[in-house]
Amino acid sequence: MKRILIAAAGVLALSAGVAKATTLDDVKARGALNCGVTQGLPGFSSPDDKGNWTGIDVDFCRAVAAAIFNDANKVRFTPLSAKDRFTALQSGAIDVLSRNTTWTMSRDTTLGFNFAGVMYYDGQGFMVRKSLNIKSAKELNGASICVQTGTTHELNLGDYFRANNMKYEVIAFSTIDETVKAYDSGRCDVFTSDQSQIYAIKLKLTNAGDHIVLPEVISKEPLGPLVRHGDDQWFDLIKWTYYALLNAEELGVTQKNADQEVNSANPEVKRLLGSDGKFGEGIGLSNDWALRAVKQVGNYGEIFDRNVGPNSPLGIQRGLNKLWTQGGLQYGMPIR
Amino acid sequence: MTDASLRGGEPTRRWSWTDPKLRSLVLQGLLGIFLIGMAWAILANAQANLARQGIASGFGFLDNSAGFGISQTLIPYSESMSYGRAFLVGLLNTLLVAFLGIIIATIIGFLVGVARLSDNVVIKALASAYVEVTRNLPPLFQIMFWYIAVLAALPNPRQSLGFGIQPLLNALGDGAAAIGLAPLGAALKGFAASFGTPGVFLNNRGLVIPRPLFEAGSDVVGLALVAAIVLIFVLARWAKRRRVATGQQFPVFWTSLALLIVLPLIAGAATGFPVAFEKPELKGFNFAGGIRVIPEFVALLLALSIYTAGFIAEIVRAGIVSVSKGQTEAAASLGLKPGLTMRLVVIPQAMRVIIPPLTSQYLNLTKNSTLGVAVGYPDLFAIFAGTTLNQTGQAIEIIAITMAVYLTISILTTIVMNWYNRRVALVER
Ligand SMILES: N[C@@H](CCC(=O)N[C@@H](CS)C(=O)NCC(=O)O)C(=O)O
């Protein structure tokens with residue numbers, strides 16, 4: 001028995017010793033960032049027919065890759081269903097999960113993750129057929145609802161219908177395509193997801209015009225990137241890339257003018273772009289990390305507008321996602 | 001060791017490496033210790049890693065409330081119940097589809113297997129086509145096919161297809177009138193009017209049937225049913241003993257059927273038919289009341305049964321072909337009719353060839369039921385290894401439990417089938 005204990009302790013010590021390389025080292029050695037995204041959700045992360053990924057969640061990973069490698073294309077995207085995404089991050093198959101994932105306490109604590117910020121403040125909504133003549137979610141008693149499994153939506157449904165003393169039937173599918181197909185074919189009266197995603201999904205229906213989104217928003221869904229527990233430097237790197245994108249917008253640094261702004265007289269801009277201070281070193285990068293990210297991908301506002309904003313096919317207003325200076329919730333922590 | 005070696009005063013001989021029995025015992029012991037040590041090390045390592053990453057572990061989560069809804073529940077369930085309860089709901093859903101699937105697949109499989117040996121060219125060709133098509137399309141594809149086909153073909157709840165005694169009697173009445181039996185037609189339609197609206201509906205939310213509500217006195221009917229079954233057993237034994245003794249036949253099958261129907265009927269009449277039916281009614285979006293069979297279940301059950309039946313058909317055919325033609329000829333020369341020859345001579349001998357591969361088809365069907373995830377059927381895999389795993393993040397515990405459950409189901413199936421196999425196996429004399 002003693003010998004087994006010794007052997008086991010040896011194995012343990014070994015594995016503990018080996019596991020010490022940091023995520024950043026791994027990413028650099030690999031030459032690419034492994035980024036978990038959706039299997040296709042326009043505006044957030046979706047591949048075109050040539051396999052090029054676009055969306056705000058995709059652009060965030062590109063910004064990280066630009067900060068590390070000075071090349072926004074050094075990203076390997078792993079499409080994940082809602083159900084499988086957390087296992088992929090826990091097991092180390094991906095370095096960061098950037099997949100419209102709601103920041104909740106249990107995910108942050110018991111699943112062993114750290115959320116780095118909120119790329120998009122959202123809330124859960126409902127879509128129904130116009131022909132049902134329904135104006136409010138309060139009229140949904142007895143409805144059949146299609147939802148994707150492994151989401152916060154499954155749980156919110158339970159809360160909302162119980163709180164309002166209504167009954168419902170939930171059909172949970174593992175992929176978004178199956179969920180949408182079932183709703184489209186009439187299996188369900190209602191499709192539910194984050195409201196932003198409903199607009200994206202509406203575009204996929206046979207007759208987008210036959211469906212309406214109900215006014216109620218039944219939950220808080222702060223969507224953002226997350227990493228594994230246990231590597232604080234990597235967590236910092238992801239978190240501060242997000243803040244850098246916000247600060248860039250606030251300070252008027254854009255993809256176009258970033259190179260000139262390096263010589264700006266504004267000390268805040270200088271610290272952001274690395275012409276003053278040694279802030280990049282703190283996250284294991286060179287000091288112009290944020291300059292690289294903004295130059296290649298744009299600031300937060302540019303990313304938002306390009307992918308989901310009023311001029312994109314989704315046509316979503318900034319709303320809660322405006323900067324704090326404009327009455328929204330987006331607030332970049334100071335770089336100093 | 002042997003007495004001789006002990007008496008010979010050669011104790012070292014006992015530990016000699018040249019003794020193959022001892023050597024293998026020692027080696028196996030060492031291997032066993034090594035494997036246990038490895039398993040322990042892996043477990044400890046996993047535990048330490050989970051703790052370091054701050055991932056919860058242990059089985060305490062089974063008591064936490066699940067929070068999500070489930071579309072098909074054979075036992076009462078609500079969101080406020082525990083993950084443990086959700087696990088049970090999923091397990092029962094898996095068992096339901098596997099059990100019914102095995103029964104249906106066996107029936108179709110035997111029919112098609114026998115049909116492939118038919119002398120009738122058309123039947124033979126149809127059976128061959130069935131086998132080739134169902135065996136060669138992936139089961140996932142077949143599940144999706146049935147789901148989409150079922151959903152696409154059916155109307156929404158407000159335009160449901162209604163079935164019941166009333167439409168049936170009306171149709172019969174029309175038919176009677178059409179062939180010139182006007183009074184009978186009128187009588188049938190009048191009788192139809194005494195029934196309410198139809199109680200069975202079919203739409204893209206599933207098949208809705210009335211729910212029987214058992215009132216006081218229904219236990220008498222239940223008792224009558226049990227009594228009938230007991231009587232049938234007694235009857236069968238008596239008939240067999242009489243046949244062996246006197247050679248006289250007794251129509252056991254028909255008598256049993258009559259007992260099974262008549263006894264409960266008498267009890268029902270005596271207690272004033274204590275069963276009421278809760279009829280489904282269209283309320284808002286869906287039907288309320290009654291029992292609903294959801295399309296996800298229907299699609300999965302159809303696909304699994306039809307797919308597996310293709311394999312079973314081949315197994316049955318091979319089994320029958322394996323019985324030598326001499327057996328059939330011998331039976332015929334004894335004067336047995338072809339039907340009896342099949343039942344009493346061929347099938348019992350074919351069974352011992354059929355059962356072992358049949359068992360693995362049953363296991364395949366059960367395991368394939370996990371493909372129901374694709375159409376949103378809430379089986380154990382979807383509910384537990386899917387939603388619960390995602391919600392709690394406790395992959396190791398949940399995968400271990402899920403594996404243990406499927407393993408147990410498979411082993412139990414195998415035990416039952418082996419027991420049956422031993423019973424029907426040919427006893428060599
Ligand atoms: N924000 C929610 C839902 C995220 C989610 O998975 N949304 C679905 C739409 S309902 C989605 O993006 N599906 C795309 C896919 O699975 O590829 C959560 O984190 O649980």
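Observations on the model:
- Selection within the stretch A:89-107: residues that are in contact (Cβ under 8 Å) with a residue 40 or more places away in the chain and not in a loop (DSSP other than H, G, I, E, B). The member of this set that is surrounded by the most Cβ atoms within 10 Å (Cβ to Cβ) is A:Leu97.
- Residue identified as surrounded by 19 or more Cβ atoms within 10 Å (Cβ to Cβ) and either facing another protein chain (nearest Cβ under 10 Å) or modelled with pLDDT under 95 (or both) among A:Ala116, A:Ala67, A:Ala82: A:Ala82
- Of the set (1) at pLDDT below 90; (2) more than 9 Å from every other protein chain (Cβ to nearest Cβ), all apply to B:Gln53 but (2).
- Test: B:Leu111 is under 24 Å from A:Arg187 (Cα atoms), away from every other protein chain (no Cβ under 14 Å) and out of contact with any strand residue (DSSP E or B) (no Cβ under 6 Å at 6 or more places or on another chain): no
- A:Leu205 vs. criteria of a type in the set (A, V, I, L, M, F, W, C) and surrounded by fewer than 20 Cβ atoms within 10 Å (Cβ to Cβ): yes
- Listed here are the helices (runs of 4 or more DSSP H) enclosed by the stretch A:151-219 that have at least 2 residues being closer than 27 Å to A:Trp103 by Cα and within 10 Å of chain B (Cβ to nearest Cβ): A:152-163, A:176-184.
- Residue check, A:Arg99 within 14 Å of chain B (Cβ to nearest Cβ) and either in contact with an Asp or Glu (Cβ under 9 Å, 6 or more places away or on another chain) or closer than 24 Å to A:Glu249 by Cβ (or both): yes
- One residue stands out among those in the stretch B:381-416 that are away from chain A (no Cβ under 14 Å) and touching a residue at least 60 places away in the same chain (Cβ under 8 Å): the one that is farthest from B:Arg205 (Cα to Cα), which is B:Ile401.
- Unique match (being at pLDDT 95 or above, under 30 Å from A:Gly150 (Cβ atoms) and either open to solvent by less than 40 Å² (accessible area, probe 1.4 Å) or within 16 Å of the ligand (Cβ to nearest atom) (or both)) among A:Tyr199, A:Tyr242: A:Tyr242
- Residue count for the stretch A:176-194, restricted to those that are hydroxyl-bearing (Ser, Thr, Tyr) and within 20 Å of the chain's Cα centre (by Cα): 2
- For the stretch A:61-93, a residue qualifies if it is within 15 Å of the ligand (Cβ to nearest atom), within 14 Å of the chain's Cα centre (by Cα) and under 26 Å from A:Leu314 (Cα atoms), and the qualifying residues are A:Phe77, A:Thr78, A:Pro79, A:Leu80, A:Ser81, A:Ala82, A:Arg85.
- Looking only at residues in the stretch A:150-181 that are aromatic (Phe, Trp, Tyr) and open to solvent by less than 20 Å² (accessible area, probe 1.4 Å), the one that is farthest from the ligand (Cβ to nearest atom) is A:Phe161.
- The single residue among B:Ala331, B:Ala318 that is within 27 Å of the chain's Cα centre (by Cα), surrounded by fewer than 19 Cβ atoms within 10 Å (Cβ to Cβ) and without any contact (Cβ under 8 Å) to a residue 40 or more places away in the chain turns out to be B:Ala318.
- Residues (open to solvent by 70 Å² or more (accessible area, probe 1.4 Å) and either part of a loop (DSSP other than H, G, I, E, B) or closer than 20 Å to B:Arg211 by Cα (or both)) located in the stretch B:252-276: B:Leu265, B:Phe273
- Restricting attention to the stretch A:286-307 and to residues that are touching a helix residue (DSSP H, G or I) at 6+ places or on another chain (Cβ under 6 Å) and assigned to a loop (DSSP other than H, G, I, E, B), the residue that is least open to solvent (accessible area, probe 1.4 Å) turns out to be A:Asn299.
- Test result for A:Gly282, at pLDDT below 95, over 24 Å from A:Gln197 (Cα atoms), open to solvent by 10 Å² or more (accessible area, probe 1.4 Å) and not in a helix (DSSP H, G or I): no
- Residue list for the stretch A:182-195, filter: without any contact (Cβ under 8 Å) to a residue 40 or more places away in the chain and away from the ligand (no atom under 13 Å from the Cβ): A:Asp184, A:Ser185, A:Gly186
- Members of the stretch A:137-149 found to be facing chain B (nearest Cβ under 7 Å) and crowded, with 23+ Cβ neighbours inside 10 Å, listed by number: A:Ala143, A:Ser144, A:Thr149
The values are calculated or read from the model by the stated rules, or taken from the named source; none is laboratory data. These figures come from a predicted structure and were not determined experimentally. Cβ sites come from the backbone with ideal geometry, for glycine too, and all protein chains shown count toward neighbours. Each accessible area value is taken on the protein alone, full model and side chains, heavy atoms only, with ligands, DNA and RNA left out. Shrake-Rupley method; radii C 1.70, N 1.55, O 1.52, S 1.80 Å.
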